[in-house]
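These notes are about the structure you will find just below.
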Ligand SMILES: [Zn+2]
């Protein structure tokens with residue numbers, strides 16, 4: 001014992017993503033959150049005698065699309081299996097899932113790790129399955145079952161244990177949320193349980209040159225980014241403390257399951273020993289295998305788009321945007337695409353970015369809509385950006401104009417004129433005003449020419465006087481240049 | 001009138017020469033007389049039947065078009081869901097189960113204007129070869145009240161043989177249509193897997209189950225096939241009609257097969273009792289008299305069919321029957337105090353001995369560590385048997401063999417010896433494993449005047465030819481006209 005101790009946390013994730021199909025995976029029931037319990041059910045999802053499942057093609061295509069975005073190899077022949085276990089929220093007492101021939105495997109996801117860098121997390125597989133219902137534990141000494149969720153299509157994604165911190169796990173989760181939203185295959189709404197995480201966590205502890213692996217802990221059913229991050233961080237410390245105290249290492253059969261107690265911000269033991277789960281998988285005889293033809297696969301692949309992370313990196317590299325701004329712009333596909341189109345229309349990227357992030361998104365958020373629904377076009381924003389760039393309007397005025405564009409739907413230049421926000425940049429006209437101001441403020445002129453501390457302040461005062469005389473319509477840049485020329489530096 | 005074929009009765013009703021009310025009343029009265037001793041029906045539906053019969057008569061009178069089974073009293077095995085009455089599967093666990101939907105075949109019967117008079121007895125969940133495993137009723141053989149009617153569709157076969165309906169539906173997982181048809185001296189057809197929708201058929205072995213007709217003549221089987229065959233969007237395993245079109249089976253019936261080549265596996269057939277072998281030989285002789293050629297074929301893997309069948313069927317059954325847990329419907333134990341006890345006690349109380357045996361067999365075969373040795377190996381054997389059939393059908397148009405090694409055995413004779421009971425399925429199981437169609441037609445009697453059946457097996461989706469081949473024999477013989485002396489209480 002004793003000696004320096006180093007450790008590294010190793011995390012693999014199992015993620016369930018609810019696909020946003022209109023109907024369930026194997027029946028025609030609507031997928032709907034918050035409906036009256038057991039009102040979105042039919043004989044098929046209730047598992048009544050003699051019923052048969054029919055595959056939802058939309059769900060299959062969504063799953064393939066997501067798997068493509070996760071760089072997975074897509075199986076051209078895939079089948080369904082039954083996973084057997086008894087639980088009241090599973091009416092058939094088996095779940096239709098995919099066992100040995102998942103629809104996709106061997107992919108990866110790039111996650112941001114700060115400093116503009118990314119890290120690649122390998123994905124073992126992604127497959128489709130049906131969700132279970134919900135057990136509602138009431139206080140009367142009995143439980144109730146709501147089967148509205150039963151049969152909802154889920155994409156299960158399993159990563160390699162390539163994640164080395166709670167922050168990385170969170171980054172992956174956020175990135176995955178952006179991807180599925182970009183593709184339109186899931187709403188990714190955490191509040192509605194559209195994404196659920198189950199990390200498998202252990203540590204590699206190095207002491208006196210020897211490596212030890214701590215027993216694996218699985219945290220069940222985390223459904224917020226924060227809980228995912230904190231759960232892993234908590235486990236990292238807990239496992240280190242436990243190892244230092246007991247020296248216990250990983251061996252077969254000592255994997256445990258813990259739950260996250262959000263109130264106490266800690267994990268709590270759920271199952272001491274990993275039960276020898278025997279799901280008795282076997283091929284689902286009620287469904288036929290799915291063969292994906294080349295043409296169909298290509299058709300699905302054509303729906304792919306540039307993914308958020310590569311967009312984000314591109315915005316930083318190509319346009320010199322800050323990582324923060326690039327992150328905001330790529331948060332939603334519609335915003336990023338709006339931005340791209342505005343830049344393509346000739347808008348200077350940083351100006352467009354400022355207009356969108358500082359004003360456009362603010363209004364969109366207030367109104368609870370997307371940037372594209374505000375009534376101004378990418379071209380209009382590009383034009384406004386160009387006006388700022390040319391000095392025709394100030395940055396402050398541009399925000400005002402953008403707001404007016406939302407209200408009126410008019411062109412930016414028309415609005416700038418109507419609102420008298422156009423800046424005067426005509427040097428000749430401005431020179432006369434400057435002459436007048438200099439004549440009226442001898443003391444300030446003296447202060448400037450004297451140089452020193454007072455000089456800068458006096459210069460600002462003179463500039464302000466010119467602006468006041470032009471009722472703010474002078475281009476301050478041009479005025480500064482004229483002042484400087486007349487007073488010799490400044 | 002009970003002597004008419006279903007086809008002849010339908011035509012007379014449609015022509016207004018006979019009324020459906022009269023025919024239905026006659027059948028219902030006969031059931032009331034005969035069935036207390038015979039036990040063919042689990043439930044009868046007099047009121048509904050008479051209403052439907054009257055409706056058909058009214059439409060005939062009004063000159064409206066009527067369906068292919070207009071006004072014909074038929075019966076349905078009680079493992080096919082109906083919105084009228086209960087669908088019990090002859091099990092205590094579903095004794096009071098009322099289905100909110102009709103099986104697709106039931107819908108098709110109703111659409112063809114058939115009059116469903118009742119639902120027939122069976123082995124519990126179709127598990128058995130004697131109908132002795134019914135938890136609700138005992139059915140006896142119409143030819144000898146001390147003997148079994150065969151099973152699992154024993155009620156349907158007994159009802160048809162005793163003129164308690166004009167035609168019936170059975171289901172066949174390992175011989176459950178053909179063997180009782182043989183024991184009762186009627187025609188029983190197991191169609192190709194995928195030819196008839198399984199939606200609403202309470203599943204036993206999903207990859208083997210197939211619904212088919214039990215009738216008094218080959219022509220009536222063809223008529224029933226015209227009504228029930230075809231693709232069903234609700235059953236993914238029902239076959240696309242662009243790949244395997246359905247046809248007018250009645251129309252094709254009259255066309256004898258020229259240059260018929262009959263495959264025979266002499267070695268395999270040697271295991272049957274002498275009267276059965278003799279009847280088979282004579283039947284083949286009839287075909288030879290019609291110009292058919294007999295070809296000796298090898299089916300080396302048939303010896304493994306029973307073993308493979310009892311692994312696959314029970315494995316699927318263990319999963320299919322998992323849903324009967326007392327949570328959502330069916331029997332629930334009064335003594336259960338938690339959800340695990342709801343499962344265990346409800347199932348222990350309400351599932352029969354043979355059902356439990358098969359669930360245990362199947363659960364074992366799917367368990368980790370045994371899966372490869374049992375289930376996977378059985379699937380391989382199944383593929384080899386399929387190969388045997390493919391190979392055989394290169395040399396012949398059809399294969400003829402016994403339906404069962406014996407004629408109807410005594411009630412109670414085999415109940416304590418499940419293995420002997422299982423072995424009685426030796427000739428029927430292979431067609432289920434290979435998915436090919438097979439028919440049993442009456443071909444003689446043994447010394448106790450118990451009927452013997454001839455089994456004819458043909459390639460997948462050749463029901464039209466299979467029926468035509470069967471009809472060739474029927475035209476030459478009178479076996480199908482023989483009738484048991486069934487008497488009622490008076
Ligand atoms: Zn449903």
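Once fully extended, how much extra length lies between residue B:357 and residue B:449, figured as 0.36 nm per residue of separation less the alpha-carbon to alpha-carbon distance? Don't skip to the end; give the middle numbers.
Details: separation 92, 0.36 × 92 = 33.12 nm, distance 3.39 nm.
Result: 29.7 nm gained on full extension.
Kindly express, to the nearest 10 degrees and within the range 0 to 90, the angle between helix A:378-389's C-alpha long axis and the longest C-alpha principal axis of chain A.
Computed tilt is about 40 degrees.
Roughly how far apart, in whole Å, are the Cα centres of the range B:193-244 and the range B:403-480?
First find each Cα centre; the distance between them is then 19 Å.
Can you compute log10 of I(q)/I(0) for the range A:308-418 with the Debye formula, treating each Cα as one identical point scatterer, at q = 0.15 Å⁻¹?
-0.56
How do A:142, A:197, A:461 line up, fewest other C-beta atoms within 10 Å first?
Values: A:142 9, A:197 26, A:461 16.
Ordered from fewest to most neighbouring Cβ atoms within 10 Å, A:142, A:197, A:461 come out as A:142, A:461, A:197.
Multiply the residue separation of residue A:241 and residue A:431 by 0.36 nm, subtract the distance between their alpha-carbon atoms, and state the gained length in nm to one decimal.
Values: separation 190, 0.36 × 190 = 68.40 nm, distance 7.46 nm.
Working it through step by step, the gained length comes to 60.9 nm.
Measure out, as a whole number of angstrom, how far apart the alpha-carbon centroids of the range B:273-316 and the range B:348-370 sit.
Here the answer is 30 Å between Cα centres.
Compute the helix-to-body angle for A:453-469: its Cα long axis versus the longest principal axis of chain A, expressed 0 to 90° and rounded to tens.
90 degrees
Considering only DSSP beta bridges where both residues belong to chain B, give the percentage that are antiparallel (nearest 5). Write down the numbers at each step before the final one.
Details: 29 of 43 bridges.
Taking every DSSP beta bridge with both residues in chain B, the antiparallel ones total about 65 percent.
Can you give the FRET efficiency for residue A:270 and residue A:294, using 1/(1 + (r/R0)^6), R0 = 45 Å, r = Cβ-Cβ distance, to the nearest 0.05? Before the final figure, lay out each step's value.
On the way: r = 46 Å, r/R0 = 1.02.
The calculated FRET efficiency here is 0.50.
Under the rule a/c < 1.5 gives rounded, and otherwise a/b versus b/c splits prolate from oblate, where does chain B land using the Cα gyration tensor?
Details: a/c = 1.44, a/b = 1.02, b/c = 1.40.
Since a/c stays below 1.5, the shape of chain B is classed as rounded.
Rounded, prolate or oblate for the range B:36-161? Axes are the square roots of the Cα gyration tensor eigenvalues, ordered a ≥ b ≥ c, and the cut-off for rounded is a/c under 1.5. Show your work: numbers first, answer last.
Working: a/c = 2.54, a/b = 1.71, b/c = 1.48.
Prolate, since a/c reaches 1.5 and a/b exceeds b/c.
At what distance in nm do the modelled label points of residue A:453 and residue B:15 sit from each other, each positioned 7 Å from its Cα along Cα→Cβ?
For residue A:453 paired with residue B:15, the spin-label model returns 12.6 nm.
Measure of size requested: the Rg and Dmax of the protein assembly as shown, with Cα atoms as the atom set and Å as the unit; please supply both.
38.9, 139
If I fit a long axis through the Cα atoms of helix A:57-69 and take the longest principal axis of the Cα atoms of chain A, what angle between them do I get, 0 to 90°, rounded to 10?
Between helix and principal axis, roughly 60 degrees.
For the range B:352-469, what class follows from the C-alpha gyration tensor (a ≥ b ≥ c being the square roots of its eigenvalues): rounded when a/c is under 1.5, otherwise prolate if a/b is larger than b/c, else oblate?
Working: a/c = 2.88, a/b = 1.16, b/c = 2.48.
Oblate.
Using the alpha carbons of chain A, what is the convex hull volume per residue in cubic angstrom, as a whole number?
Values: hull volume 112.0 nm³, N = 490.
Expressed per residue, the convex hull around the Cα atoms of chain A is 229 Å³.
Suppose R0 equals 25 Å; then what is the FRET efficiency for residue B:368 and residue B:338 from their Cβ-Cβ distance, rounded to the nearest 0.05?
Details: r = 26 Å, r/R0 = 1.06.
After rounding to 0.05, the efficiency reads 0.40.
Quickly estimate the mean residue ellipticity at 222 nm for chain A, helices only: each DSSP H run with n ≥ 4 gives -39500 (n - 2.57), and the total goes over all residues, rounded to 500. Walk me through the intermediate numbers first.
Details: 16 runs with 190 residues, N = 490.
So the helix-based figure for chain A works out to -12000 deg cm²/dmol.
How big is the antiparallel share of DSSP beta bridges in chain A, given as a percent to the nearest 5?
Working: 61 of 65 bridges.
So the antiparallel bridges in chain A amount to around 95 percent.
Only the coordinates and a few stated rules stand behind these numbers; no lab work does. Since we're looking at a predicted model, the values are computed, not measured. Virtual Cβ from ideal backbone geometry, glycine too; neighbours counted across all protein chains shown.
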